[in-house]
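Here's the structure, in structure tokens; my notes come after.
The values are calculated or read from the model by the stated rules, or taken from the named source; none is laboratory data. Every value quoted in this text rests on a predicted model; they were computed, and no experiment measured them. All Cβ positions, glycine included, derive from the backbone under ideal geometry; neighbour counts span all protein chains shown.
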Amino acid sequence: MTSTLPSSLTGQASTPDSAPLPVSLRIRQRLEAAGVPFLANDNISEQLLEGELDQLEIEVAGKVRELLRSLVIDIDNDHNTEETAERVARMYLHEVFKGRYHHQPKIASFPNVKKLDEIYTVGPITVRSACSHHLVPILGSCWIGIKPGERVIGLSKFTRVADWVFSRPHIQEEAVMILADEIERLCKPQGLAILVKAQHYCMKWRGVKEPQTSMVNSVVRGDFRHDPSLKAEFFELVKQQESLLGH
Ligand SMILES: [Zn+2]
């Protein structure tokens with residue numbers, strides 16, 4: 001009598017003919033079983049097992065190679081595109097979309113012992129993303145306004161968390177909401193305001209080819225939402241920071 005371990009235990013999910021499933025499918029099955037969403041701007045790092053990111057890089061490179069072949073590019077003889085597939089796979093998984101596959105950078109927060117409650121703004125923080133619709137760049141600047149609450153985090157940490165959140169395929173409105181959620185989780189401010197101004201290559205490089213258009217959006221929460229003067233102060237501070245830069 002033979003027994004086989006269920007595929008969920010071996011981590012080697014199998015098709016009926018026992019061919020191993022692509023790693024992306026194994027991850028997907030795990031995400032679905034756990035009820036974890038995996039939309040373009042979700043982070044799935046909690047559900048990845050050790051070594052799977054390397055396997056994923058190999059799988060993605062293979063698919064990009066197929067994409068290049070489908071675009072009728074002679075990758076076997078073109079020295080320029082010979083290793084493009086590998087570069088693109090690395091770029092997606094570890095650079096431009098790292099906010100999907102990598103854990104949030106460690107961000108220490110401290111109790112607000114001095115009970116600071118004056119608002120401050122941090123910015124501009126450069127944010128880089130890609131539109132979910134065409135995967136072309138979104139480049140912009142972000143300002144964060146805080147009215148401190150229970151905990152405080154260092155100024156540079158805002159840059160790190162913004163970079164992590166934006167490094168996913170996004171639409172700008174959702175990127176700002178997700179960033180707001182993460183900052184609220186990290187330091188539970190009494191008030192939070194975020195403003196993002198970004199250039200969408202979707203509009204500059206393709207489509208309407210409108211090079212000067214930018215998109216501005218903001219989210220205000222807590223005291224910034226309830227107190228119009230505080231909200232006005234935030235936008236005034238942003239304006240001052242911008243004029244310092246000569247914008
Ligand atoms: Zn687009």
Original post:
Among the listed residues Asp223, Asp181, Asp227, which satisfies the condition of being within 19 Å of Asp42 (Cα to Cα) and of a type outside the set (Phe, Trp, Tyr)?
Top reply: Asp181
**OP:** Among the strands (runs of 3 or more DSSP E) lying completely within the stretch 120-167, list those that include at least 3 residues that are away from the ligand (no atom under 16 Å from the Cβ) and buried (at least 18 other Cβ atoms within 10 Å of the Cβ).
**Re:** 120-131, 137-147
**OP:** For the stretch 46-63, name all the residues that are surrounded by 14 or more Cβ atoms within 10 Å (Cβ to Cβ) and under 30 Å from Val176 (Cα atoms).
**Re:** Gln47, Leu48, Glu52, Leu53, Leu56, Glu57, Val60
Original post:
Within the stretch 69-91, how many residues are over 25 Å from Asp54 (Cβ atoms) and either surrounded by 13 or more Cβ atoms within 10 Å (Cβ to Cβ) or at pLDDT below 95 (or both)?
Top reply: 1
Original post:
Picking from Leu179, Leu155, which residue would you name as being farther than 23 Å from Tyr92 by Cα and not hydroxyl-bearing (Ser, Thr, Tyr)?
Top reply: Leu155
Original post:
Within the stretch 170-213, how many residues are modelled with pLDDT under 95, surrounded by fewer than 16 Cβ atoms within 10 Å (Cβ to Cβ) and within 16 Å of the ligand (Cβ to nearest atom)?
Top reply: 8
Original post:
Of all residues in the stretch 92-120, how many are of a type in the set (Ser, Thr, Tyr) and modelled with pLDDT of 95 or more?
Top reply: 2
Subject >> Hey, Arg100 out of contact with any Lys or Arg (no Cβ under 9 Å at 6 or more places or on another chain), surrounded by 13 or more Cβ atoms within 10 Å (Cβ to Cβ), basic (Lys, Arg) and assigned to a helix (DSSP H, G or I) or not >> reply: no
**OP:** Determine, yes or no, whether Glu95 is in contact (Cβ under 8 Å) with a residue 60 or more places away in the chain, assigned to a helix (DSSP H, G or I) and either more than 16 Å from the ligand (Cβ to nearest atom) or more than 21 Å from Arg65 (Cβ to Cβ) (or both).
**Re:** yes
Subject >> Among the candidates Arg160, Arg100, residue that is within 17 Å of Asp42 (Cβ to Cβ) and among the basic types (Lys, Arg) >> reply: Arg100
